[in-house]
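Asker: This is the structure I want to talk about, given as structure tokens.
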Amino acid sequence: MNVTILNLGISNVSSVINSLHLLGVTTRLASSPTEVLSSPESTVFLLPGVGSFDYGVKALHHTSLFQVVREISLASQPLIAICLGMQLLLDSSEESSCAASGLGLIPGSVLKLDPNHTKVPHVGWSLTSPVYLNTPSIPLDPSLFDTSFYYVHSYYCNVPTEYVLAKANAGASTTFAAAIYTRNTLGLQFHPEKSSFSGLSLLNNALYSF
């Protein structure tokens, strides 16, 4: 198994690399289209990210990876996007101060968690529940999401229900998409690399399910 980490320079990729090495996975960093194109044929691409939506979009363009990531997903090559990486899959974000456009791979927008209903940012372990979709193209068993994962975020993805694989709660009355999916592209709002056995188990199954 080979994993190419799309390095936008907007997250500490060491924890991701360490987790993948625990799973016996070979990793490499790609910070340019040339490095992406030189990836092994059997690779899974991983897009991590921490920070603001504007910063993420700017980094995608700065590294010239914006269109490359789109092409990976549109070609149904395996892609896992984590935290901000997942949010960048959408069309837009109300976090953006300049109306920056996301990758547009999954329809929807990124909205801010309501501080009147939950503590913002939402940090810590939250019980996550699978959404059982009657879609045979989804390779990952939804029951793998039936556990707790570690979250750190102030914004959430508002997408049509047919793209949602799992949901979680922030506070007593705020439910958000914890995992989304389309065309071999899996978005995870939580950090599997920081979610102990639960995260490693899901990440391992995801890597080998594509």
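Asker: Sticking to Cα atoms, compute the Rg of segment 1-122 to one decimal and its Dmax as the biggest Cα-Cα distance, whole number, in Å.
Answerer: Rg, Dmax (Cα atoms, Å): 14.8, 48.
Asker: Is segment 146-210 rounded, prolate or oblate when judged by the Cα gyration tensor, a ≥ b ≥ c being the square roots of its eigenvalues, rounded requiring a/c under 1.5 and prolate requiring a/b larger than b/c?
Answerer: oblate
Asker: Let me ask something else. Multiplying the sequence separation of LEU200 and ASP146 by 0.36 nm and subtracting their Cα-Cα distance, what value in nm do you get?
Answerer: So the extension gain works out to 18.1 nm.
Asker: Around GLY171, with a cut-off of 15 angstrom between Cβ atoms, what is the net charge of the other residues, counting Lys and Arg +1 and Asp and Glu -1?
Answerer: +2
Asker: Is the C-alpha gyration tensor of segment 90-144 telling us rounded, prolate or oblate? Criteria: a/c under 1.5 is rounded; beyond that, a/b larger than b/c is prolate, otherwise oblate.
Answerer: oblate
Asker: Another one. R0 = 45 Å: FRET efficiency of ASN116 with GLU41, Cβ-based, nearest 0.05?
Answerer: Rounded to the nearest 0.05, the efficiency is 0.35.
Asker: Where does each of 122-131, 195-204 land if you order them by average Cβ count within 10 Å, highest first?
Answerer: Peptide ranking by packing, descending: 195-204, 122-131.
Asker: List, largest first, the extents of the alpha carbons of the chain along their principal axes, each in whole Å.
Answerer: 47, 39, 32
Asker: Over segment 2-207, what is the percentage of antiparallel beta bridges among all DSSP beta bridges, to the nearest 5?
Answerer: Here the antiparallel bridges make up roughly 55 percent for segment 2-207.
Asker: Right, another one. Report the local net charge at LEU207: Lys and Arg +1, Asp and Glu -1, summed over other residues whose C-beta lies under 15 Å from its C-beta.
Answerer: -1
Asker: What is the calculated FRET efficiency for SER129 to HIS21, with r their C-beta to C-beta distance and R₀ = 45 Å, to the nearest 0.05?
Answerer: Once rounded, the FRET efficiency stands at 0.90.
Asker: Still on this structure: Taking the Cβ-Cβ separation of ALA99 and HIS61 as r and a Förster radius of 22 Å, what is the calculated FRET efficiency to the nearest 0.05?
Answerer: So, using R0 = 22 Å, E works out to roughly 0.90.
Asker: Straight-line reach from LYS167: which aspartates and glutamates fall under 13 Å, measuring Cα to Cα and dropping same-chain residues less than 8 apart?
Answerer: ASP146
Asker: Right, another one. Excluding VAL57 itself, what net charge comes from residues whose Cβ is under 14 Å from its Cβ, given Lys and Arg +1 and Asp and Glu -1?
Answerer: It works out to a net charge of -2.
Asker: For a test of the definition: using alpha carbon positions, the gyration tensor, and the 1.5 limit on a/c, classify segment 94-210 as rounded, prolate or oblate.
Answerer: Oblate is the answer for segment 94-210, as a/c is 1.5 or above yet b/c matches or exceeds a/b.
Since every read-out is calculated from the coordinates, none of them should be taken as a lab result. Nothing here was measured: the structure is a model prediction, and the numbers come from that model. Every residue, glycine among them, receives a Cβ derived from its backbone with ideal geometry; neighbour counts consider all protein chains shown.
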